[in-house]
1. Regarding residue 167, is this residue more than 19 Å from residue 103 (Cα to Cα), assigned to a loop (DSSP other than H, G, I, E, B) and either modelled with pLDDT of 90 or more or under 16 Å from the mean Cα position of the chain (by Cα) (or both)?
2. Please specify each residue of the range 131-154 satisfying the condition of being of a type outside the set (S, T, N, Q) and touching an Asp or Glu at 6+ places or on another chain (Cβ under 9 Å).
3. Would you mind telling me which numbered condition in (1) part of a loop (DSSP other than H, G, I, E, B); (2) over 14 Å from residue 131 (Cα atoms); (3) at pLDDT 90 or above; (4) over 15 Å from the mean Cα position of the chain (by Cα) residue 23 fails?
4. State the number of residues belonging to the range 43-100 that are more than 20 Å from residue 126 (Cβ to Cβ), of a type in the set (S, T, N, Q) and assigned to a strand (DSSP E or B).
5. Which count do you get for residues in the range 123-162 that are of a type in the set (S, T, N, Q), in a strand (DSSP E or B) and either modelled with pLDDT under 95 or on the phi > 0 side of the Ramachandran plot (or both)?
6. Which one of the conditions (1) farther than 14 Å from residue 127 by Cβ; (2) under 13 Å from the mean Cα position of the chain (by Cα); (3) surrounded by 15 or more Cβ atoms within 10 Å (Cβ to Cβ); (4) among the small types (Gly, Ala, Ser) does residue 39 fail to meet, given that it meets all the rest?
7. For the subset of the range 172-191 comprising residues that are among the aliphatic types (A, V, I, L, M) and surrounded by 16 or more Cβ atoms within 10 Å (Cβ to Cβ), which member is nearest to residue 119 (Cα to Cα)?
Amino acid sequence: MSSIQTTEQDAFRGIVAKENTGPAETLPGERKPFYLDKGHGKKHQLLSQLLTTMISHRETDGKFSVILLQGPASPEPVPAHYHTREDEWTFILEGKVRWWVGDQHRLLFPGDSIYQPANVPHAFKFEGSYNKMLALNVAGGFEDFFDIVATPSNDFVAPPVSDYQAPSREQWEEAAGKFGWHPVPDYDFGI
């Protein structure tokens, strides 16, 4: 490597160090531009999943929110449910995820996506050894559901299921009523 290249790289590192004045680990809680470092955001553990809110309704004036969901293969699907307020679009980043929406089901792989309109029952199950998907909720606000039913987390990957405490029936009922989340206990998974 020439001394000119080394000098340019050192200069670039200096610029980057000056620009990155601190960690971008938290959401600002208001509508303004922000950076969020990899692995950061508001995190919760629910079932066998780590949920990271990457942008909340507070940063978008309620227009949308984005949540990263990740975790190992799960023994059971997430309980079938529907939302009365949000349309959801989910993009598979890693692993394989079985989705049920309405009367359809399909195994999705990285690069696949699924749209779930409000009031349509849906469920999913992580089936890869490790799975990641990004969910866009329009309108925002549902991410606060996890403040009630999930456990706050500082982890960067989903912790072992043995470390998890399931929400109580009262927590589920409180969150369901507050956020328009409705379980569908008799949903036909067709499996």
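The values are calculated or read from the model by the stated rules, or taken from the named source; none is laboratory data. What you are looking at is a predicted structure, and each value in this text was computed from that prediction instead of being measured. Glycine also receives a Cβ, built like all others from the backbone with ideal geometry; neighbour counts cover every protein chain displayed.
1. On the way: more than 19 Å from residue 103 (Cα to Cα): yes; assigned to a loop (DSSP other than H, G, I, E, B): yes; either modelled with pLDDT of 90 or more or under 16 Å from the mean Cα position of the chain (by Cα) (or both): no.
For residue 167, the condition - more than 19 Å from residue 103 (Cα to Cα), assigned to a loop (DSSP other than H, G, I, E, B) and either modelled with pLDDT of 90 or more or under 16 Å from the mean Cα position of the chain (by Cα) (or both) - is not met.
2. The first filter runs over the range 131-154 and keeps only residues of a type outside the set (S, T, N, Q), leaving 132-136, 138-150, 152.
132, 133, 135, 136, 138, 139, 140, 141, 142, 148, 149 - these are the residues of the range 131-154 that are of a type outside the set (S, T, N, Q) and touching an Asp or Glu at 6+ places or on another chain (Cβ under 9 Å).
3. Residue 23 satisfies all of (1) part of a loop (DSSP other than H, G, I, E, B); (2) over 14 Å from residue 131 (Cα atoms); (3) at pLDDT 90 or above; (4) over 15 Å from the mean Cα position of the chain (by Cα) except (3).
4. Count: 1.
5. At the first step, the residues of the range 123-162 found to be of a type in the set (S, T, N, Q) are 129, 131, 137, 151, 153-154, 162.
Retained after the next criterion (residues that are in a strand (DSSP E or B)): 131, 137, 151.
Next, from what is left, pick out any that are either modelled with pLDDT under 95 or on the phi > 0 side of the Ramachandran plot (or both): 151.
Here the count works out to 1.
6. The failed condition is (3).
7. This residue is 176.
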